[in-house]
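The values are calculated or read from the model by the stated rules, or taken from the named source; none is laboratory data. Fair warning: this is a prediction, and the values are worked out from it, not measured in the lab. All Cβ positions, glycine included, derive from the backbone under ideal geometry; neighbour counts span all protein chains shown. Heavy atoms of the whole protein, side chains included, go into the accessibility calculation; ligands, DNA and RNA do not. Shrake-Rupley method; radii C 1.70, N 1.55, O 1.52, S 1.80 Å.
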Amino acid sequence: MEEKKVIFSGIQPSGTITLGNYLGAVKNWVELQDEYNCLYSVVDMHSITVRQNPAELRKRCVEFLCMFMACGLDPEKNIMYFQSHVSAHAELAWVLNCYTYMGELSRMTQFKDKSAKHSDNINAGLFTYPVLMAADILLYQTDLVPVGVDQKQHIEITRDIASRFNALYGDVFKIPEPYIPKVGAKIMSLTEPTKKMSKSDPNPKGFISLMDDSTAIAKKIKGAVTDSDGRICRGEGKEGIENLMNILSSTTGESIESIEERFAGRGYGEFKSEVAEAVVECLRPVKARYDEYIKDKAYVESVYKKGAEQASRIAYKTLNKVYKKVGFVPRAR
Ligand code: TYM
């Protein structure tokens, strides 16, 4: 790789890619692809911390990769691959597990949320999830991690683990920084605007999937929960409207201030129609490209094969260094 800075980010192939994932993460990945050396992974190993149907998971992984490309990620410019195809992720995660404390893992809000939601399956993988995520990032000597706000805590623990390891063994890992967009970093549920939009929400009215057609998108936005105050502005109790303003701003580039000004004195119906139209227009080309990629199995395969090969080469350099530092005997040649 040339001297550009490195970006790593990933998405779990659970549920369906939502507008939240797009505006909070993938849209930025697309914007950053020329300036950085980027690796984007469908993190299938993370997704099995919650039970998955194997056939569906396999299908979804390919769909997510096609969606990456449909959103505008160019496989010639970025390394795109399935996490399970680069075994260095699991190997580094094991080592880092031995440098991570139970106390710090038990403070992770995603662990607390997920163990409350899946109380029948609080497995060790769910608990050590942030360590695998740290391995994902640290393997590539990553400078920047573009994510939504909900992942900030995981980047912080990654930094802590990396600094702890470096303090013991010298400069092994680059300390990564989060990259969180100003608008769109936390898109809320359309039915419960105090909760984030989630791809595993059992109520499909709460999220917009990038796979939804125009009619479904318009219907969901028109049905979005708001308030009875009637003003299109930010403020206490205005989470629903604020969320729609963020969606409009993030899809069109118009500032929140300008939206507030333009809609002063106008009604929610008119406002929601404009938000719906903006989202439909934003996703129309994505959907069209997706339909092409998903049909081209051979091409998609070539993308993830090449991606895994390129990623492995970089990852093993870091892993070998780590193995040497902790005292493992080098493989005999
Ligand atoms: P995941 O799969 O939940 O989400 C993928 C990305 O989408 C962002 N996001 C959102 N942004 C704005 N509004 C929302 N409602 C919203 N929901 C999700 C997330 O912040 C994320 O950037 N642990 C990660 C996956 C991961 C990862 C990594 C990310 C594994 N290893 C290494 C970065 C680097 C996760 O569960 O994301």
Worksheet item: When region 18-76 is examined, which residues are found to be touching a Pro at 6+ places or on another chain (Cβ under 7 Å) and either of a type in the set (D, E, K, R) or more than 29 Å from Asn121 (Cβ to Cβ) (or both)?
Response: Asn28, Trp29, Leu32, Asp44, Arg60, Met69
Worksheet entry | Odd one out for Tyr40 among (1) of a type in the set (Phe, Trp, Tyr); (2) open to solvent by 10 Å² or more (accessible area, probe 1.4 Å); (3) touching a strand residue (DSSP E or B) at 6+ places or on another chain (Cβ under 6 Å) | (2)
Worksheet entry | Hits in region 7-17 - residues which are among the hydrophobic types (A, V, I, L, M, F, W, C) and out of contact with any Pro (no Cβ under 9 Å at 6 or more places or on another chain) | Ile11, Ile17
Discussion item. With the requirement that a residue be surrounded by 14 or more Cβ atoms within 10 Å (Cβ to Cβ) and either over 17 Å from Arg51 (Cα atoms) or touching a residue at least 40 places away in the same chain (Cβ under 8 Å) (or both), what does region 110-124 give you?
Written reply: Gln110, Lys114, His118, Asn123
Worksheet item: In region 161-185, what count of residues is obtained for those that are surrounded by fewer than 17 Cβ atoms within 10 Å (Cβ to Cβ) and away from the ligand (no atom under 13 Å from the Cβ)?
Response: 9
Item to complete: Just need a number here: residues in region 279-333 that are out of contact with any Phe, Trp or Tyr (no Cβ under 9 Å at 6 or more places or on another chain) and over 29 Å from Ala135 (Cβ atoms).
Response: 16
Discussion item. So in region 154-185, with the set limited to residues that are of a type in the set (D, E, K, R) and at pLDDT 95 or above, which one is farthest from the chain's Cα centre (by Cα)?
Written reply: Asp171
Response to the item:
Checked His154, His85 against criteria (in contact with a Pro (Cβ under 6 Å, 6 or more places away or on another chain) and either in contact (Cβ under 8 Å) with a residue 40 or more places away in the chain or near the ligand (Cβ under 9 Å from one of its atoms) (or both)); the one match is His154
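Look at Ala278 and say whether it is at pLDDT 95 or above, among the hydrophobic types (A, V, I, L, M, F, W, C), in a helix (DSSP H, G or I) and closer than 30 Å to Lys220 by Cα.
In short, yes.
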Worksheet item: Met245 fails exactly one of the following numbered conditions: (1) over 23 Å from Cys66 (Cα atoms); (2) exposed (fewer than 15 other Cβ atoms within 10 Å of the Cβ). What is the number of that condition?
Response: (2)
Discussion item. I want to confirm something. Restricting to region 16-53 and keeping residues that are closer than 23 Å to Asn246 by Cα and assigned to a loop (DSSP other than H, G, I, E, B), which single residue is nearest to the ligand (Cβ to nearest atom)?
Written reply: Ile17
Worksheet item: Could you count how many residues in region 186-200 are open to solvent by 80 Å² or more (accessible area, probe 1.4 Å), more than 8 Å from the ligand (Cβ to nearest atom) and within 15 Å of the chain's Cα centre (by Cα)?
Response: 0
Item to complete: Answer yes if at least one residue in region 258-269 is closer than 30 Å to Gly170 by Cα, among the polar types (S, T, N, Q), open to solvent by less than 50 Å² (accessible area, probe 1.4 Å) and in a helix (DSSP H, G or I), and no otherwise.
Response: no
Practice prompt. Could you tell me whether any residue of region 306-315 is farther than 16 Å from Leu92 by Cα, open to solvent by 60 Å² or more (accessible area, probe 1.4 Å) and part of a helix (DSSP H, G or I)?
Written response: yes
Item to complete: Output yes when any residue across region 291-310 is closer than 30 Å to Gly170 by Cβ and at pLDDT below 95, and no when none is.
Response: no
Discussion item. Can you tell me which of (1) open to solvent by 40 Å² or more (accessible area, probe 1.4 Å); (2) more than 28 Å from Met67 (Cα to Cα); (3) not acidic (Asp, Glu); (4) not in a loop (DSSP other than H, G, I, E, B) is the one Lys219 doesn't meet?
Written reply: (2)
Worksheet, complete the sentence: For region 98-109, the count of residues that are of a type outside the set (Phe, Trp, Tyr), over 18 Å from the mean Cα position of the chain (by Cα) and open to solvent by 50 Å² or more (accessible area, probe 1.4 Å) equals 4
Worksheet item: Looking at region 129-147, which of its residues are open to solvent by less than 10 Å² (accessible area, probe 1.4 Å), out of contact with any strand residue (DSSP E or B) (no Cβ under 7 Å at 6 or more places or on another chain) and among the aliphatic types (A, V, I, L, M)?
Response: Val131, Ala134, Ala135, Leu138, Leu139
